[in-house]
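The values are calculated or read from the model by the stated rules, or taken from the named source; none is laboratory data. What you see is a predicted model, and the numbers here were worked out from it, not measured in a lab. Backbone-built Cβ (ideal geometry, glycine too); neighbour counts: all protein chains shown. For accessibility, only protein heavy atoms count, side chains too; no ligands or nucleic acids. Shrake-Rupley method; radii C 1.70, N 1.55, O 1.52, S 1.80 Å.
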Amino acid sequence: MKKLTAIASCVLLTSMLVTACGSGGDIKEPASNNVSSSTAATSETNTSGGDTAAAGETEAKQEPVTITVQGQKPDKKEAIEQLNLKIDRFKSANPYVTIKTDDWEYNPNEIGIKMAANNAPTEFTSYLTEGRTLAERSWAADLTTLINNWTHKDDLNPIMTKPVTVDGKIYGVPVDAYVMTITLNKKIFEEKGVPLPPLDWTWDDLIDAAKKVNDPAKGIAGFIPMGKGNEAGWNWTNFLYAAGGDVQTIADGKVTAAFNSEAGLKALQLYQSLKDADVLPKNWALGYGDALNLFNQGRGAMVMCGSGNAADAAINTGGISKDDIIVYPIPSMTKGGKHTGVLGGSFKVINPKASEQEQKTAFDWITSEYYTDDFVNAIDSEITTRKNENKIYVPQTIFYWKPESEFGKKFTDMLAKHDNVFTYDPALLSLLEGKPEAEYEAQQTYAEISTIVQKVFTTKNLDLQKVLNDAASKIQSEVYDKIQIKQ
Amino acid sequence: MSQEAVARSAAIAAKKKFNWQLWGLLFVLPEIIIFLMFLWIPIVKGVVYSFYNVDFVNGNSFVGLQNYRDVVSSEDFWMAIRNTLYYMFLCVIIGFWVPAVVAIAVSELKRFQGLARVAGYLPSVIPAIVLYGMWVWFYDPIGPINTMLTSLGLEQIDFFSKGMSMVSIVIMETWQNFGGAVLIYIAAIVGIPKDLYEAAEIDGASVWQRIRSITLPSMKPLLILMFLLQIINTSQSFQAQMAMTGGGPDNATLTYLLLMYREAFTYLHFGKATAMGSMLFGVMVVLSFLYLKLQRRSETA
Amino acid sequence: MKPSERGILSEYDFKRTGVKVGYGLMCLLIALIVVSMLYPFVNTFLNSLKTTEEFFAFPAPFFPSKWLWHNYSEALTLIPIWTFLKNTLMIFAGTVVFALLFIGMAAFALSHLRVPFKKWVTLFFLSTLMIPSATYLIPNYLNLQELGLLNSYWAFWLPAGANAFYLMLMKTFFDGIHKELFEAARIDGANEFQCFVRLAMPLSTPIVMTLLIFYFSATWNDFYWPSLVMLDKSMYPLATGIYKYVVYPNSTIQWNVKFALLALSMLPPLVFFLVFQKYITRGLNVSGVKG
C-alpha cells in the first residue's frame, strides 16, 4: 500500500506535467474582432517547443501570411470600428494576408519579457523616446530598405524621422508627434479676475501669472510642474531647451553632459524662483497622472504636458469644458526668444523576430493608407462617432506628413469641418518649436535631473551651479563615459 | 525474553526507522521537485544572467564581473543600501510589534471579533490607485491630518520632506500590511489552552503576568519566524516608495529594490539588475548562515 | 463559566476598574483601526456614485449629491466580468488544492518525520525567499514557456506550492502539535499519510484558513504576472482584466465608472474574509501549543 501511494504520487506529478503541456498548446479562442488573440504569434515563433517549430516553417514557405497588428482597447470604440474597417480594406486588397489584433500596449515593464519569449505582436506602437533603446537592443526591425523602396519616402516629415533614425538606419514608421506645451485652466484665471498672459509669453509672465492665480489656503497652486520620477527631469528639460541649452552634446565619439551650462542654471533659477514665490503645490511628489489629476481637480492653474494631452485628459475624462482650456507654448526665456519644448510622439515598430515576409507585410499594413483619402476619412468618421458620445477629439500638432504639403491641408480642412475638435490658436502652432530628447540614455539622465529638481523643491539655500555640476559629473563618469558611439 | 524476540523487535525498530525516513522523503519530495522546477532553475538562470550582457535577440555575451563592477561603482547603489537599512530599522521600530499587540487585543474582544480580525487585512484588496491616492490625501498639506494639527494650534507636518518621507511611507505600510500578521498571530492565540489562564489566575497572576508568561511564550516561535520574514521582506521593499515618492526627494527613499527595478524596467539593463539581485541574495544567505551558527553556539554554551 | 469561553481575561478581572478602563481603551482603539480600514471602501463606493465633476471637485464632497447607479450598469459592460471572475476562481481553487497538499506534506515531514539532511532541505526552501523575484522574472517566464504552461491554469497551479513563507508558517504550527498524538495514532495502525490528513491538518484549521485567506487575496490582486502568462483575453483573471482594460494609462473611461468597477471588485474578498475568518478557532480540543 505504501508503494502504491509512492507510485501514485509520482504518476500524479508526471501526469500533471503532461496535461499541462497539452493544454498549453490546445487552448485557442476564436478570434473576435477586438480581442487580442496572440496564440498565433506564439505558436508560430515558439522555437523552444519542438512540435510548434515545424508549423512555423510550413507557414513561411507558403504565400499566405499572418500578422498580429496593434489593436485597440475595448473602451476606444470609435477607434476599433475604424481599425476593423481598415482590416477589411487591407484584406480585400491582399487576400492572402490574415490579420490578428493584439491590444497590448507598449510598456517598458513588459517589452523585455515579450521579446525574450518572442510573443510580441508583429507591429506595435511605441514612443519616440524609445527609438534608440529599441534599436540598440535589436527590439525594432531595421526598416531602412523597406522605407527606401516606398513611394512616399520623401514625403515623410523630417522632424519625425530624426528620432527614429539611429546610426544612419531607420527603425520605425512615424505616426504623430507633439511639442511640450503649458495648458491653462481659464476658469481659475477668470474667477481670480486675472487676465490671460499673452500667447508669446516669457518666463517672467509665467511667474507673474502663477503668483496672481495662486491660492495656497484653498490648495490652489499657480503652476504644477511634475516632481516625481523621471517626469520631473522631462518637465524641467523644456525650460533648459527654452533657454537654449542642451542635455548632452555629442562630439569626437564622446557624449558629454551639458545640462550644467549657463542655460541650465537659468532654468534651475526659474524653478527656484517659482518655489520661492510659493506658487507650486506643497506636495512636490507629483508624477504624470498626479499632476494631471490636480489640474482636473482645479487645484492648479497651469500644467505642462505634450501639446493637447493635458487638454484631452481634462476635457474627456476630467469633466472640464473645452472652452475652459487653452494651450500655451513653453514660455521663452526673454521677450522674442524661442518657445522650444521637448518633442515627443509615437511611431510604429516592427518586430525584428518576425520573418522577412511578415515584416514586409506589416510594413505594407502600416503604410497602406498613408497619404490616402482613406486615412483622412477614417479619422473623419471617428470624429463623427465621437460627437454622438459627447467626446471631443484632440488632435496632435505634428504628423508623419509635412505640414505644408497638399495632404496636410486636406487633413486640416477635414478637422475644421467638425465642432467637436479641440482647436489650437493658429498663432500657437507657429510658435511651437520641437527639440528631440537626449539621444543617449535619456531615462537615466532624466532620473539624475529629477533629483536636482527635487533638491530645489525640498531644500533651502542651494548652490544651484554646484548642484548642476555634481549631477553632471556623476552621470558623466557613471553613464556617459561608458557609452561607445558607433562611427 | 528470548533472543529471537529481541532480534525481531530490533528488526521492527530498524524497519520503522527506515519507514520513517522513507515517509519523510516521500512527503518532501514533491515540494522539492516543485521548488526545483519553478524556483531554483529560474533563480540559477537569473544569477547566470548577471555575468552576461543580456541580449534576447542576438544572444547573450559573457562579460565576467562587469555588471557587478558597474553596479558597485555607482553612488546611488550605496545610497540605496543606506536607505534600505534605515527603512528596515524603521519597520522594526514602528511596525513589528503592532500586529502582535493587536492580535492579543482582538482575541479578547467579546463582540465583533470576526470583523475586527479581518479588518486589518482589508487593505490587501484595496486597489493600489485608491490606496495610495488616499494616503497622498491624508498627508496633503490641507488634508485631514494637517487640518487637525492646525485646528489644535500645532505646527503642520511636511510628510514628504527629505527627513520625513521614509517615516511617512513606513507608517502607511504598517497600516497597510499589519493585518496579515494579525491573522497569523490570532491563529496561534486561539490554540492556547484556556485552562492555562484559568490556572494562572487561580495562582494570582495579574493580567499582564498572564500575557507575559503564557501568551507571549506560546507565540515565541512564530514571533521569531515573523521577525526573520520581516527582515527578508523589508530588504526587498519598493512598491510603496515607487508609488508615493518615486524614490525622491533627492533619492531619500530610493531603496535597493527600487534601484534594481529601475535598472531592469526603466533602463532595461537586465544584466545589472540581476547582478544587484544576486548580491542581495548572497548577503542574505551569508547572514542567515551566521545566524544559524551563532544560534547553535548559544545553544551548546 | 466554561473554560473554553474565557480568554486571557476572566469575568472576575472585569470587576476591577483598572482592567475595565484598559479594556475600554483597547476597544476604542480597535474601533478606530476598523473605521480607518473601512474608510477606503466607503470612499471608493461613494466616489463611484458621483458625477465626473463631483469626482474631481475640490474640496471633494464626501457624499454624492445624486446617487448615479447607472455608473454601475455602465461599468459592467466594460469588460467580460463573468469570464474574468471564472478565471480568478479557477486559479484560486487549483492553487489552494496544490499549495495546501504539497506545502502541508512537506511541512509535516519537516516537523514530525525524519528527513535526510533536514537542515539543508530547510535552507533549500527558505533561501528562495532571499532573492528578489525580479531577478528571475524573465527566466521564470521562459521556463513556463518551455514547459508549455503558458496560457493555462497549470502555470498557476503547479508552482502554487513553491512558497517558502507559507511552508515555514505551516511547519511552525505543526511544531506546536504534541508528538504523542501521532505516536498514539501510529500504534492504532495509522500510516503517516493518515496522520497528516486526519490529525495534522484538522488540528491546524486556524492556520489553514489563514492561508486560504492569503491565497485568495494574492490571487485576487495579482494582475502583472497573469497578464504575461495568459496570452488570451478569455484566460485573464479579473485583476488583469481591470488592469489591462480599465485603469491602464491611456484609458478614456470616466473615473466614476472606473471606481464603480473597483468598488465591485472589493466586494467578493470582503465576503470571503468574513466567512472564512469564522473557522480561525481552535481546531480539535486536543490541540495544544508547546509553552
Checklist outcome for this item: A careful count of residues in segment A:273-292 that are facing chain B (nearest Cβ under 7 Å) and either within 12 Å of residue A:232 (Cβ to Cβ) or of a type in the set (D, E, K, R) (or both) gives 4
Checklist entry - Do we have residue C:166 as within 11 Å of chain B (Cβ to nearest Cβ) and within 23 Å of residue B:235 (Cβ to Cβ) here? => result yes
Checklist entry - under 19 Å from residue C:132 (Cβ atoms) and at the interface with another protein chain (Cβ under 7 Å from one of its Cβ atoms), is that true of residue B:50? => result no
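Table: residues versus (1) open to solvent by less than 30 Å² (accessible area, probe 1.4 Å); (2) modelled with pLDDT of 95 or more; (3) at positive phi.
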{"site": "A:426", "(1), (2), (3)": "no, no, no"}
{"site": "A:430", "(1), (2), (3)": "no, no, no"}
{"site": "A:436", "(1), (2), (3)": "no, no, no"}
{"site": "A:440", "(1), (2), (3)": "yes, no, no"}
{"site": "A:452", "(1), (2), (3)": "yes, yes, no"}
{"site": "A:460", "(1), (2), (3)": "no, no, no"}
{"site": "A:465", "(1), (2), (3)": "no, yes, no"}
{"site": "A:470", "(1), (2), (3)": "no, yes, no"}
Next on the checklist: So for segment C:231-254 (the condition being open to solvent by less than 10 Å² (accessible area, probe 1.4 Å) and farther than 30 Å from residue A:293 by Cα), does at least one residue qualify?
Outcome noted: yes
Item to check | Residue ranges of helices (runs of 4 or more DSSP H) in segment C:36-143 with at least 3 members within 11 Å of another protein chain (Cβ to nearest Cβ) and aliphatic (A, V, I, L, M) | outcome: C:81-112, C:118-126
Item to check | Selection within segment B:179-199 - part of a helix (DSSP H, G or I), among the hydrophobic types (A, V, I, L, M, F, W, C) and at the interface with chain C (Cβ under 9 Å from one of its Cβ atoms) | outcome: B:183, B:184, B:186, B:187, B:188, B:189, B:196
Item to check | segment B:84-142, residues that are under 14 Å from the mean Cα position of the chain (by Cα), open to solvent by 20 Å² or more (accessible area, probe 1.4 Å) and of a type in the set (Phe, Trp, Tyr) | outcome: B:89, B:96, B:97
Checklist outcome for this item: Residue count, segment A:338-383, condition open to solvent by 30 Å² or more (accessible area, probe 1.4 Å), within 30 Å of residue A:438 (Cβ to Cβ) and out of contact with any Pro (no Cβ under 9 Å at 6 or more places or on another chain), comes to 3
Next on the checklist: Looking at residue B:160 and the list (1) more than 10 Å from chain C (Cβ to nearest Cβ); (2) closer than 30 Å to residue B:278 by Cα; (3) touching a Lys or Arg at 6+ places or on another chain (Cβ under 9 Å), which single condition is not satisfied?
Outcome noted: (2)
Checklist entry - Just to be sure, is residue C:171 of a type in the set (Lys, Arg) and open to solvent by 30 Å² or more (accessible area, probe 1.4 Å)? => result yes
Item to check | Filtered residue count, segment B:53-62, keeping only those that are more than 21 Å from residue A:354 (Cβ to Cβ), away from chain C (no Cβ under 12 Å) and either free of Cβ contacts under 8 Å to residues at least 60 places away in the same chain or touching a Phe, Trp or Tyr at 6+ places or on another chain (Cβ under 6 Å) (or both) | outcome: 2
Item to check | Unmet requirement for residue A:287, which otherwise passes all of (1) surrounded by fewer than 21 Cβ atoms within 10 Å (Cβ to Cβ); (2) under 18 Å from residue A:423 (Cα atoms) | outcome: (2)
Item to check | Subset of segment B:270-281 [within 17 Å of the chain's Cα centre (by Cα) and either aliphatic (A, V, I, L, M) or more than 9 Å from chain C (Cβ to nearest Cβ) (or both)] | outcome: B:280
Next on the checklist: Quick check on this structure: which one of B:244, B:219 is open to solvent by less than 10 Å² (accessible area, probe 1.4 Å) and closer than 27 Å to residue C:169 by Cβ?
Outcome noted: B:219
Checklist entry - In segment A:193-220, what residues are away from chain B (no Cβ under 14 Å) and of a type outside the set (A, V, I, L, M, F, W, C)? => result A:193, A:195, A:197, A:198, A:200, A:202, A:204, A:205, A:208, A:211, A:212
